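Structure first, commentary second.
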Amino acid sequence: MYQLRITDTIPDFDAWRRAFDGYERVRADNGVLAYRVMRSVTDPTEVTIELDFADVARTRAYIGVLEKIWSSAGSRRVSAAHSTPTVHEVVVAKAIDPAASEAAGSHVAQSI
């Protein structure tokens, strides 16, 4: 899996979110499998978006889609700045089962 990561500076999260939600079909049509939107706890105007793709070619191609979106008047109204998108290959992804951790005991806590 590959991930495209972007950080935006946005003055009004609610307005930005409405605009972001309006591109759901664009994301689906361009190979986005899942995404996460994260907001900084220290700076509420900073939003990081992670978009997941199955292959690196579609990940890179989506940068061009973003550039078209960012050039629109609507995008310029809700976003003050964008970071340069970065492409990452996911090499480890694992969900932790809290029940399994509790049953096994905390080895880290025991070793401290």
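The values are calculated or read from the model by the stated rules, or taken from the named source; none is laboratory data. What you see is a predicted model; the values in this text were computed from it and never measured. Cβ: placed from backbone, ideal geometry, glycine included. Neighbour counts: every protein chain shown. Keep in mind that these areas ignore ligands, DNA and RNA; they rest on the heavy atoms of the full protein, side chains included. Shrake-Rupley method; radii C 1.70, N 1.55, O 1.52, S 1.80 Å.
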Within region 4-86, trypsin sites (Lys or Arg not before Pro) in DSSP loop having at most 13 other beta-carbon neighbours inside 10 Å: none
Where E89, E50 fall by accessible area, highest first, once all protein chains stay in place (1.4 Å): E89, E50
³J(HN,Hα), Karplus 6.51/-1.76/1.60, whole Hz, each residue of region 66-80, x for Gly, Pro: 4, 4, 5, 4, 5, 7, 6, 4, x, 5, 5, 6, 9, 10, 7
Helix-only [θ]222 nm of the chain, DSSP H runs n ≥ 4, -39500 (n - 2.57) each, per residue, nearest 500: -11500 deg cm²/dmol
Order of exposure, largest accessible area first, which applies to V87, V47, V78 with probe 1.4 Å: V87, V78, V47
Local electrostatic count at M38 - Lys and Arg +1, Asp and Glu -1, tallied over other residues with Cβ under 13 Å: 0
Heavy-atom accessible area order for D52, D97, largest first, 1.4 Å probe: D97, D52
Volume per residue of the C-alpha convex hull in region 1-104, rounded to whole Å³: 129 Å³
Average accessible area per residue (Å²) across the chain - probe 1.4 Å, nucleic acids and ligands excluded: 66 Å²
